[in-house]
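First comes the structure, then the notes that go with it.
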There are 2 protein chains.
Amino acid sequence: MKHKDINCDNCFISKSSVFTVLTDEEKNIIRQNHSCTHYKKGEIIYKEGDKPTGLICLSDGKVKIYKEGVGGREQIVRMAKPVGFIGYRALFANENYIASALAIEDSTVCNIDKKILFEMIHRNTEFASNIIKSLATELGFSNNRTVTLTQKHIRGRLAESLLFLMDTYGFEEDGKTIRVYLSREDIANLSNMTTSNAIRTLSTFASENIISLDGRKISILDVRALGKVSEMG
Amino acid sequence: MKHKDINCDNCFISKSSVFTVLTDEEKNIIRQNHSCTHYKKGEIIYKEGDKPTGLICLSDGKVKIYKEGVGGREQIVRMAKPVGFIGYRALFANENYIASALAIEDSTVCNIDKKILFEMIHRNTEFASNIIKSLATELGFSNNRTVTLTQKHIRGRLAESLLFLMDTYGFEEDGKTIRVYLSREDIANLSNMTTSNAIRTLSTFASENIISLDGRKISILDVRALGKVSEMG
DNA sequence: TTAATTTTGTGCTGTCAAACATAAATTCTT
DNA sequence: AAGAATTTATGTTTGACAGCACAAAATTAA
């Protein structure tokens, strides 16, 4: 279910966007060659195996990027927030998507035509450099994650995921509640463990006064302790 | 132990290099701003935490890129072959190295000055595009690996590693012996398992006539079966 | 409201792979 | 060549975590 003509100016305005290095003229070219789409919570933006048609910029909402592994077991690879790109890896590698994207909240995205994007890369070398830097940073993140997920124990993995969510989405006004509301299953799929173990370990953290739980609301009471658990297990 | 003035023309000549899109003039600029270094088997090229000084191109030899994880446990992130780049991720992300590089065979590398490289990216957009594509491909590889290493069982992980080594380094003249000679420990660190389990599982594969073993020589007798084990466990 | 479905929570059991122990074979030293 | 050190090999023990079963709570549907 897609609604056309929705505002996603966010993508062009935000200072945290890779687009900041574009000239006004270049920004206009992109503006003239983009379309906006809205996705309701739970809707799929693209699926593993699909062919990318352009660059997708998340203007508003939250999106999980996940891969289907052995026996359909899901592994969340990345969590996207506005303003950030989605599906750019496959686009730049000239491959089909190797992961799927799903809106975990109502989300608005901006689609930028592939051809225009590549033109821009050739036109503006600063822009190209920014993309190179983003990809390199993301690759470092992925390499770290590989080691974390394979070597840390359950407690460490979960603690790291909570810190990651905190870093990515920040806190609500109370300064402690993580600004994202995931199911226990999603938390498990982010941390490479079963849902039961995610639930169990979250409860343990709560009983140790490291976090507090209220449904899907997770509040971090002791960042330091959480960091320690993430490091030491 | 580094020896200066060693030939690494390979890096500029090879058609599989990202440098192919450079003009002769650009190639000369790089040639004039490079230095060659030789490393003996077992020598470290750079260590996790070091600051990159330039782009390193592996002209000859074989190199493993690995991270130290929990309790010093090593995870091999990547295996490099000529002609290929090493340590470019940290350079492009403008970070310190997050992994170490070690020559597993006598190796010759070519060091290209950081400043010259970035100039080249700004000069030649085709070159920049190539780098973007390489990074995006590598990121896909890393994401796949994360899922593989966390979800597949020992047999599947080892089978995948053997296929990976086969793809990367190819066969000796006999058409079946993998052209790289790793210790069982390295194979274990590539496959996220203990050395004992690598040894044990290799023996099992040999007893199933999927591979044959002769010291560090590993010959693949049944690629198909190996692929099946990699897929199914 | 009741029923159905999904999500969350908890205990129990089984198993895969790490950890440990030990020995044989190979490689490196001196 | 003898000894030390490293790598390879194999058996045994242990423990972390998955798998399963089931119950309670929350959400959605009728």
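In summary, helices (runs of 4 or more DSSP H) completely within region B:107-182 and bearing 1 or more residues that are within 29 Å of A:Ile121 (Cα to Cα) occur at B:114-123, B:125-151. Has region B:157-169 got any residue that is among the basic types (Lys, Arg), buried (at least 16 other Cβ atoms within 10 Å of the Cβ), at pLDDT 95 or above and touching a helix residue (DSSP H, G or I) at 6+ places or on another chain (Cβ under 6 Å)? Yes, region B:157-169 has at least one match. Listed by first and then second residue, the pairs linking a residue in region B:193-219 that is under 17 Å from B:Leu163 (Cβ atoms) and in a loop (DSSP other than H, G, I, E, B) to a residue that is within 9 Å of DNA strand D (Cβ to nearest atom) and modelled with pLDDT of 95 or more, with Cβ atoms under 9 Å apart and 6 or more places separating them unless they lie on different chains, are B:Met193/B:Ile187; B:Ile210/B:Thr204. Filtered by the rule that a residue be touching a strand residue (DSSP E or B) at 6+ places or on another chain (Cβ under 8 Å), β-branched (Val, Ile, Thr) and within 7 Å of chain A (Cβ to nearest Cβ), region B:112-159 gives B:Thr146, B:Val147, B:Thr150. Tell me, yes or no, whether region A:151-166 has at least one residue that is aromatic (Phe, Trp, Tyr) and farther than 13 Å from A:Ile76 by Cβ. No: region A:151-166 contains no residue that is aromatic (Phe, Trp, Tyr) and farther than 13 Å from A:Ile76 by Cβ. In this structure, A:Ser107 qualifies as touching a residue at least 12 places away in the same chain (Cβ under 8 Å), among the hydroxyl-bearing types (Ser, Thr, Tyr) and touching a Leu at 6+ places or on another chain (Cβ under 7 Å). Of everything listed in (1) within 15 Å of DNA strand C (Cβ to nearest atom); (2) free of Cβ contacts under 8 Å to residues at least 24 places away in the same chain, the single unmet condition for B:Asp167 is (1). Taking the criterion of being facing chain B (nearest Cβ under 9 Å), at pLDDT below 95 and on the phi > 0 side of the Ramachandran plot, the only residue of region A:66-100 that qualifies is A:Gly71.
Filtered by the rule that a residue be among the charged types (D, E, K, R) and closer than 17 Å to B:Phe141 by Cα, region A:75-92 gives A:Arg78, A:Arg89. Residue count for region A:174-203 under the criterion of being polar (S, T, N, Q) and either within 9 Å of DNA strand C (Cβ to nearest atom) or in the same structural domain as A:Gln75 (by TED's automatic domain parsing) (or both): the result is 6.
The values are calculated or read from the model by the stated rules, or taken from the named source; none is laboratory data. Note that the coordinates shown come from a computational prediction; the quantities given were computed from them, not determined experimentally. Note that we place each Cβ from the backbone using ideal geometry, even for glycine, and neighbour counts take in every protein chain shown.
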